[in-house]
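Before any comments, here is the structure.
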Amino acid sequence: MKNLKVLIAKPNLVLVTQIEEVPTELGEPDCKLIEPFELFKNDKGEYNLRKWPEFTDQREMKIHSDSIFTILSPTSWQVEMYKKLIK
């Protein structure tokens, strides 16, 4: 999966998404998220992924890199779940 990462973003948001750096003018969004999903814990204490943001069907968006605390590699579980969701 090309550039699939786990993003810990502001405020307390964890996303599993493909991410690309975007050349831009100073002050413009410089990261493109492709097919982002939020990692959350359900009522049973199990982790799941859900479409993010929930209020739109848009599946690519740009954000500012300063909104990201850190970028991590996904676990094998996250990769498999992500692949199922984007089919």
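Brief remarks follow.
- Test set (1) surrounded by 14 or more Cβ atoms within 10 Å (Cβ to Cβ); (2) assigned to a loop (DSSP other than H, G, I, E, B) - M61 fails condition number: (2)
- In segment 1-52, residue surrounded by the fewest Cβ atoms within 10 Å (Cβ to Cβ) [restricted to those that are touching a Ser or Thr at 6+ places or on another chain (Cβ under 7 Å) and in a loop (DSSP other than H, G, I, E, B)]: K10
- Some residue of segment 10-27 being among the hydrophobic types (A, V, I, L, M, F, W, C) and touching a helix residue (DSSP H, G or I) at 6+ places or on another chain (Cβ under 7 Å): yes
- Screening K44 with (1) modelled with pLDDT of 95 or more; (2) under 13 Å from the mean Cα position of the chain (by Cα) gives one miss only, at (2).
- Residue within segment 37-47 that is free of Cβ contacts under 8 Å to residues at least 60 places away in the same chain and closer than 17 Å to H64 by Cα present: no
- Where a residue in segment 57-68 is under 14 Å from L13 (Cβ atoms) and its partner, wherever it lies, is of a type in the set (G, A, S), with Cβ under 9 Å and at least six apart: I63/A9; H64/G27; S67/A9; I68/A9
- All positions within segment 64-80 that are of a type in the set (V, I, T), surrounded by 12 or more Cβ atoms within 10 Å (Cβ to Cβ) and out of contact with any Cys (no Cβ under 9 Å at 6 or more places or on another chain): I71, T75, V79
The values are calculated or read from the model by the stated rules, or taken from the named source; none is laboratory data. Since the structure is predicted, the reported quantities are computational estimates derived from the model, not experimental observations. Because the Cβ atoms are built from the backbone with ideal geometry, glycine has one as well, and the counts that use them run over all protein chains shown.
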